[in-house]
1. Would you confirm whether or not region 116-134 contains a residue that is open to solvent by less than 20 Å² (accessible area, probe 1.4 Å), touching a residue at least 24 places away in the same chain (Cβ under 8 Å) and not in a helix (DSSP H, G or I)?
2. Could you give me the residue pairs with C-beta distances under 6 Å whose first residue belongs to region 37-66 and is basic (Lys, Arg), whose second residue is assigned to a helix (DSSP H, G or I) wherever it lies, and which are 6+ apart or on separate chains?
3. All but one of (1) over 30 Å from residue 178 (Cα atoms); (2) touching a helix residue (DSSP H, G or I) at 6+ places or on another chain (Cβ under 9 Å); (3) outside any helix (DSSP H, G or I) hold for residue 7, so report the exception by its number.
4. In region 62-83, which residues are open to solvent by 10 Å² or more (accessible area, probe 1.4 Å), more than 21 Å from residue 24 (Cβ to Cβ) and of a type outside the set (Gly, Ala, Ser)?
5. Regarding region 91-100, can at least one residue be identified that is assigned to a helix (DSSP H, G or I), β-branched (Val, Ile, Thr) and open to solvent by less than 10 Å² (accessible area, probe 1.4 Å)?
6. Does region 14-27 contain any residue that is over 20 Å from residue 110 (Cβ atoms) and not in a loop (DSSP other than H, G, I, E, B)?
7. Count, please, the residues in region 49-61 that happen to be part of a helix (DSSP H, G or I) and open to solvent by less than 30 Å² (accessible area, probe 1.4 Å).
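The values are calculated or read from the model by the stated rules, or taken from the named source; none is laboratory data. Not measured: the values here are computed from a predicted model. Glycine gets a Cβ as well: all are built from the backbone with ideal geometry, and neighbour counts include every protein chain shown. Side chains are part of the model used for accessible areas, which takes the heavy atoms of the whole protein and leaves out ligands, DNA and RNA. Shrake-Rupley method; radii C 1.70, N 1.55, O 1.52, S 1.80 Å.
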Amino acid sequence: MTKQDRAVRTRRALIRSAAEQFEARGYDRASLAEISAGAGVSSGALHFHFANKAAVADAVEQEAARALRRVALAGRTGDGCALQRLVDVTHRVARLLRADVVVRAGLRLNAEAAAGRARDLRWEWRACVHDLLDEAERRGELAAGVAPPRTGAVVLAATTGIEVLARDDHGWLARPSLTDLWHLLLPCVAAPHLAAVLDPAGREPEQRSPEADQRAPGADSALEEAVPVRLALR
């Protein structure tokens, strides 16, 4: 293994260990000693990659932003019924949160506004929801009188609420929670001709989120490097 490979692996281990500490203890109570111990490296190795705890937390948020951006982008640019894609992407985000401690910790850090960071990890999510509802309206998929902005506010409030509740109980991220939500919402917002074809449980099989497997700290695509990391769940 080359020095560069070892450095990438060490950085990845530190980010994951930091995410575990931040998720479990919050920013203030997490310590650099615990983070380095969790990664199986010395404190000197940690400081080689990160100047301080704020820098480690920023790296966790950046990785969470990249993973969440990929999910939102896939939902916004897919084919087929926009309402079904909105249902599918909510399930995809829930799977990502279940599978990836870095994403969960990034959202917690962002909510705590630790160390004065101003990145909004929910910006992309809000854009994704609003864009898909606007597309659904253009395609005649919404019931008469349904306004995308008001519907978007309900979806955002519900999905954000599930994410917050899941910090104490990951069962909130299980498929039935979102399925129940869409069982309630779809009859109210979907055009009648779609009632029999929309699947509130999502069209994708339940499995480990591929986004979690694909995320590799320090190995981002050229596109991700070119886009400022101010995105993610909006």
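1. Let us first name the residues in region 116-134 that are open to solvent by less than 20 Å² (accessible area, probe 1.4 Å), namely 121, 124-125, 127-129, 132-133.
The next check asks that each one be touching a residue at least 24 places away in the same chain (Cβ under 8 Å); those that pass are 121, 124-125, 127-129, 132-133.
This time we only want the ones that are not in a helix (DSSP H, G or I), so: 121.
Yes, there is a match, as at least one residue in region 116-134 is open to solvent by less than 20 Å² (accessible area, probe 1.4 Å), touching a residue at least 24 places away in the same chain (Cβ under 8 Å) and not in a helix (DSSP H, G or I).
2. Close Cβ pairs satisfying both conditions: 53/32; 66/224.
3. Only one criterion is unmet by residue 7, namely (3).
4. Within region 62-83, 66, 69, 70, 73, 76, 77, 79, 81 meet the criteria.
5. no
6. no
7. Here is the first cut: in region 49-61, the ones part of a helix (DSSP H, G or I) are 49, 53-61.
Going one step further and asking which of them are open to solvent by less than 30 Å² (accessible area, probe 1.4 Å), we end up with 56-57, 59-61.
Matching residues across region 49-61 total 5.
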